[in-house]
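Note sheet for the following structure.
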Amino acid sequence: MTVWRDVVGQPDAVAELSRAAAEDSSMTHAWLFTGPPGSGRSTAARAFAAALECRYGGCGECTACRTVLAGTHADVREIVPEGLSISVAEMRNLVQLAARRPSTGKWQILVITDADRLTEGASNALLKAIEEPADQTVFLLCAPSDHPDDVPVTIRSRCRVVYLRAPAPEAVAEVLVERDGIDPEAAHWAASVSGGHVGRARRLARDADARQRRERILGVPLRLRHLGDAFAFADTLVREAETEASDLSGVRDATEREELAVAMGAGGTGKGAAQAARGAKAAERELEKRQKSRNTRTQRDALDRALVDLAGFYRDVLVAGAAAPVALMNPDREADVAQAAREWTPESALRRLEAVLACREALELNVKPRIAVEAMMTRLQQG
């Protein structure tokens, strides 16, 4: 059981990273992990960090391996942005910490799981650190691609790129069965409809609500008969995303507010009570701002999962219409796909697919979710 056990279906990348961890001559100070959603970018980066800190090259059993994988190693910091972006202030602080000498391990490692969310200022702060790295500092960046829209060329050109691919359904199913203890039949079904996304496959296999949401969204294309249907389905989709985000954030938000109140001495009396109260108000405003940004990101992620399912359906319609010898992304919806392929022209199916992709892009550009989804649904209804 090595640190690479969770890096699914990436033999070439694992071989390259293993060599780099074992040989100083193969090592560089900045790495960029790219690949489609679910390919395991952050998992591979985390495993590489563990291998770098492990004296045995990633045994998976020693203290260094276990603490890195658990996120508690003193010399490995992982940035997982909860909001819409990574700010310049946050990046400057992290870069300063990463420039220190390691306290227990061989390297100071900074893992940025969503480097495509860096603001321009944060990118510039990171670029300066990558250009002049400390001898024992390593930067591990993860992004969907090395396109300038995801990672600035100035940063990409200073990184060694590791390309990951979507793992095969068989590899995903094997992980679900062996590591997560999921029933083989459920695991193989979830793997076949997840598009190589391990986390999504696990969610579908375990969560009945996730399966029901998928069924509802995949039932939309053949039920969009009138313009009124488009607005009704858009409303349902947005409300479900808002509810999911609220359910995920509600308990956490309340806990954070309670912890802040305790930390700021809520209910205290005496000379410093008034000053503490003023400080608490400022801290509360900052917490509310952070929670609002996190909730917005959670809602958009929920919407995006639904849009990915829709895009997969329209892609399958094009595949079926062309009688292409490739697997469907939604094999369990083969009858609906065949019906749509008979009713729509290839041009119509392609326009519908483009409408879904345009909606995803609009959401990334901060268009109001309801407006973006309503515009998409009307285009889907019109064909």
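The values are calculated or read from the model by the stated rules, or taken from the named source; none is laboratory data. Quick caveat, the model's predicted, so the values are computed rather than measured. Reconstructed Cβ throughout: ideal geometry from the backbone, glycine too, with neighbour counts over all protein chains shown.
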Residue that is surrounded by the fewest Cβ atoms within 10 Å (Cβ to Cβ) [pool: residues in the stretch 76-85 that are within 22 Å of HIS29 (Cβ to Cβ) and of a type outside the set (A, V, I, L, M)]
ARG77
Only residues in the stretch 298-319 that are more than 26 Å from THR345 (Cα to Cα) and not assigned by TED's automatic domain parsing to the domain that holds ALA241 count as the first member; pair them with residues that are part of a helix (DSSP H, G or I) and aliphatic (A, V, I, L, M), Cβ under 7 angstrom, at least 6 apart or cross-chain, and list the lot.
none
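On the given criteria, is GLU334 over 26 Å from the mean Cα position of the chain (by Cα), part of a helix (DSSP H, G or I) and either loosely packed, with under 15 Cβ neighbours inside 10 Å or touching a residue at least 60 places away in the same chain (Cβ under 8 Å) (or both)?
Judged against the criteria, GLU334 is a match.
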What number of residues within the stretch 309-331 are outside any helix (DSSP H, G or I), under 20 Å from TRP189 (Cα atoms) and of a type in the set (Gly, Ala, Ser)?
1
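Return yes when VAL151 is touching a residue at least 40 places away in the same chain (Cβ under 8 Å), aliphatic (A, V, I, L, M) and not in a loop (DSSP other than H, G, I, E, B) and no when it is not.
No; evaluated as a whole, the condition is false for this residue.
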Say whether the condition of being farther than 27 Å from ALA173 by Cα, modelled with pLDDT of 90 or more and of a type outside the set (Val, Ile, Thr) is met by at least one residue in the stretch 36-50.
no
Tally up the residues in the stretch 118-132 that are part of a loop (DSSP other than H, G, I, E, B) and either among the hydrophobic types (A, V, I, L, M, F, W, C) or farther than 26 Å from ARG300 by Cα (or both), please.
1
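Residue-by-condition table, conditions (1) among the aromatic types (Phe, Trp, Tyr); (2) over 28 Å from CYS65 (Cα atoms):
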| site | (1), (2) |
| --- | --- |
| LEU97 | no, no |
| VAL111 | no, no |
| ASP135 | no, no |
| PHE139 | yes, no |
| ASP146 | no, yes |
Which residues, taken from the stretch 119-130, are buried (at least 18 other Cβ atoms within 10 Å of the Cβ) and farther than 18 Å from VAL161 by Cα?
ALA122, ALA125
Could we say that VAL88 is buried (at least 17 other Cβ atoms within 10 Å of the Cβ) and within 28 Å of SER194 (Cβ to Cβ) here?
no
